[in-house]
Amino acid sequence: MGWKQEYERARTDPEGYWMDQAKAIDWDVPPAKALHDRGGPVPEWFSDARVNTCWNAVDRHVAAGHGNRVAIIYDSPVTQTVARITYAELQDRVARLAGVLTARGVGKGDRVIIYMSMVPEALVAMLACARIGAIHSVVFGGFAAAELAVRIDDARPRAILATSCGIEPGRIVAYKPLLDGAIEMADHKPEFCVILQRPEGPAEMGARDVDWASAVVAADPAPCVPVEGHHPAYVLYTSGTTGAPKGVVRPTAGHLVALDWTMENIYDAKPGEVFWAASDVGWVVGHSYICYAPLIHGCTTVVFEGKPVGTPDASTFWRVMADHGVVSFFTAPTAFRAVKREDPSGAQMAGHDLSKLRNIYLAGERADPDTIEWIMAKTGKPVIDHWWQTETGYAIAANPVGLEALPVKLGSPAVPMPGYDVQVLDDAGHPVAPGTLGAIAVKLPLPPGTLPTLWNADARFRKSYLETFPGFYETGDAGMVDEDGYLWIMARTDDVINVAGHRLSTGAMEEVLATHPDVAECAVIGVADSLKGQLPLGFLCLSKGVDRDAGEVVAECVKLVRDKIGPVAAFKLACVVDRLPKTRSGKILRATMVKIADGGDWKMPATIDDPAILGEISEALGTLGYPGR
Ligand code: COA
Ligand code: AMP
């Protein structure tokens, strides 16, 4: 079957279609039907089934005789390590860590926070939780203690699993002091923390800390615990409009079924082949395509601890693909922009045999045609842009090359995947004609694996996603569908920006800036950046009577955001202005400021209160080198 037939079958017979896909999963109790109404905000999938994620990702491959197959390749240029872990070894490691948790009382439904660098143990930690039905919540290492504290208070974990440190090019980031600081700040306290000591930066252990290495040696392996199909596999926090992150809930059964489907149909990867997603376990790409999907499908996954450039240079991606025989490679466009900037001619590809590589996948931010063309020209491989979100866990739109390679249109992530009825709506919720811009929404129900709600926040889930367009899920992206049914993703409709493929909230940054004693009012916008896609830029209005050097205040504000949100916010640009441009009703005109900064065409908004302020904003941007920076 081609894409069209598959898509149509999922649309007209969702029950039959998804029950068929469910056959790829090993069930303890198979589902009797696919879609269930449990009275939650949206219908859920395979609720009547019993299943275990870890069994499907690890044990079943060992049981099928593939114990000697490599499950994880750890390639760490920052520690100069390459290690291989077979499925049988992974099973043992996961079962023992699960035993460490169960021996200390952690069980089904308990939350466990994971705050770890890119080491194989991060996957072991996720799988150990899945094994016992505990709900993990991985927090990206680039977040500061205060952000970790917010997540601790929301998830209320019984335990935290952490590495002593992370390794960034040129510096060791001590995670343990950040973890201790976060626990200190949080109202909720975990019962214990299991710390993986890394030789590059060992941590001082405290009363609640358990040493990972000795605990797993002493532990009894724990068995897989079957859970209900709707049981949360994990909670992953992502940025929304406000400073409070949204805890996206991932349902167990739908996650298994959907991710397995994507491996062959989108990524064209077969069991035993090597799949590599160069991301971080702290992001949804890391959850789905470093950990779960490749393992569920019986592939070998690469855990890469490094950067596209600087570890040691722009040849790293090519070296890892060649050394390990990667067939499918997935990263964010920004990573390739970094490689291209450092090695525009592609000279550093020399000597790296990419003959096994079939396709390169991009997601996480808009893939600019220049970058796609550069990758295609240098590698001679198809480049597949696909569009998705933390909320969905896998592609909403893609070119499903494993199923059928559709013609590529540069700048478009191609067509909707089965189960996603994607529609472009006007403000009143009416579908618009092809080629017309609008809000992108997905008609309910969403397909298996997508979020059924936000952690402990049904009302916020409804308000954020379901209320604007009744009967639809609001993606937060704007764009259009063309005459051929291809999607074009143009911009966010909220205050989320995308910096180096990382989703960040300008609202969260504004909340932090507003705590500076001299800042009376502020606005943060996302401005275009040739490497990271977007960068945050802050405008600060100082309180009356404050007569300080603007540069000093800016430096303090930059430090404040780094301390409170973390280095990942990449907040380095700010300027002091007298006033912010607003509408007569007091709304800050952020979109107009973005257009001025990016040097685009802009019109004076009819509702502006004082047009002169835009001149002042333009002048302030000029001091930072905008437009044209
Ligand atoms: N722990 C601690 N700090 C971290 C971190 C981690 N896990 N990850 C990033 N940081 C820090 C970086 O060191 C950097 O600090 P600095 O301001 O002191 O330099 C800061 O956070 C910003 O990081 P980043 O935006 O990643 O910028 P970078 O300059 O280090 O690297 C790229 C730029 C493009 C090479 C890199 O962002 C990249 O490879 N991104 C694409 C891949 C990706 O992971 N996408 C996620 C979704 S697919
Ligand atoms: P995240 O939840 O971090 O994966 O970020 C999701 C957001 O990133 C989406 O809502 C889009 O705004 C953006 N995004 C992801 N993939 C693409 C893509 N292929 N093209 C354009 N934007 C994308």
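The values are calculated or read from the model by the stated rules, or taken from the named source; none is laboratory data. Here the structure is a predicted model, which is why all the values come from computation and not from measurement. Don't worry about glycine lacking a Cβ; one is built from the backbone with ideal geometry, like all the others, and counts go over all protein chains shown. For accessibility, only protein heavy atoms count, side chains too; no ligands or nucleic acids. Shrake-Rupley method; radii C 1.70, N 1.55, O 1.52, S 1.80 Å.
Sorting H324, H502 by solvent-accessible area of protein heavy atoms yields H502, H324, largest first, with a 1.4 Å probe. Less than 5 angstrom separates the built amide H of F472 from those of L444, all sequence-distant by 5 or more or on a different chain. Sorted on the mean count of surrounding Cβ atoms within 10 Å across their residues, most packed first, peptides 598-606, 11-19 read 11-19, 598-606.
In straight-distance terms, cross-link reach from K532 covers every one of the lysines whose alpha-carbon lies under 26 Å from its own, apart from those fewer than eight places away in the same chain; here that gives K246, K307, K340, K378, K381, K409, K559, K564, K572, K595. The share of C-alpha pairs in the chain whose separation exceeds 36 Å stands at 36 percent. Which whole-angstrom value gives the distance between the alpha carbon centres of the range 245-318 and the range 1-54? Cα centres, the range 245-318 to the range 1-54: 22 Å.
Taking amide H positions as modeled 1.01 Å from N, with prolines and chain starts lacking one, the residues under 5 Å from A203 and 5 or more places away or on another chain are R198.
Overall size of the range 1-154 from C-alpha positions, given as principal axis extents largest first: 51, 41, 34 Å. Round to the nearest 10 and report in Å² the accessible area of M185, as given by a 1.4 Å probe over the protein chains' heavy atoms. Rounded to the nearest 10, the figure is 110 Å². Sites listed here are GluC sites (Glu not before Pro) in the range 448-519 whose DSSP assignment is loop and whose Cβ has at most 16 other Cβ atoms within 10 Å: E467, E483. Our coupling estimate for the range 187-196, obtained by passing each phi through the Karplus curve with A = 6.51, B = -1.76, C = 1.60 and θ = phi - 60°, is 6, 7, 10, x, 6, 7, 10, 9, 10, 8 Hz, Gly and Pro reported as x.
Residues whose amide H lies under 5 Å from that of V303, counting only those 5 or more places away or on a different chain, are I73, Y74, D75; hydrogens are built 1.01 Å from N in the peptide plane. Counting only protein chain heavy atoms and rolling a 1.4 Å probe, the accessible areas of R629, R462, R503, R319 rank, largest first, as R629, R462, R319, R503. What the phi angles of the range 214-225 give under the Karplus curve with 6.51, -1.76 and 1.60, with θ = phi - 60°, is a coupling list of 6, 5, 6, 4, 7, 7, 8, x, 9, x, 6, 10 Hz, glycine and proline written as x. Using heavy atoms of the protein chains and a probe of 1.4 Å, the accessible area assigned to C165 is about 0 Å². Residues in the range 24-157 average 31 Å² of solvent-accessible surface per residue, probe 1.4 Å, ligands and nucleic acids excluded. In a DSSP loop and with at most 15 other Cβ atoms within 10 Å, there are no trypsin sites (Lys or Arg not before Pro) in the range 364-431. Calculated accessible area for the range 487-535 comes out at 35 Å² per residue, all protein chains present (probe 1.4 Å; ligands, DNA, RNA ignored). For the range 217-322, relative contact order (Cα pairs under 8 Å, six or more residues apart, normalised by length) works out to 18 percent. Rounded to the nearest whole Hz, the Karplus-based 3J(HN,Hα) values (6.51 cos²θ - 1.76 cosθ + 1.60, θ = phi - 60°) of the range 358-367 follow the sequence 9, 9, 10, 10, 10, 6, x, 6, 4, 8, with x at glycine and proline. Put simply, when 586-593, 427-434 are sorted by average Cβ atoms within 10 angstrom per residue, most first, you get 586-593, 427-434. Note on the range 438-531: with charges restricted to the Cβ of Lys and Arg (+1) and Asp and Glu (-1), its dipole about the Cα centre is near 400 debye. With contributions of -39500 (n - 2.57) from each DSSP H run of at least four residues, the per-residue ellipticity at 222 nm computed over the chain stands at -8000 deg cm²/dmol. Heavy-atom accessible surface of D28, to the nearest 10 Å², is about 90 Å², with a 1.4 Å probe and all protein chains retained.
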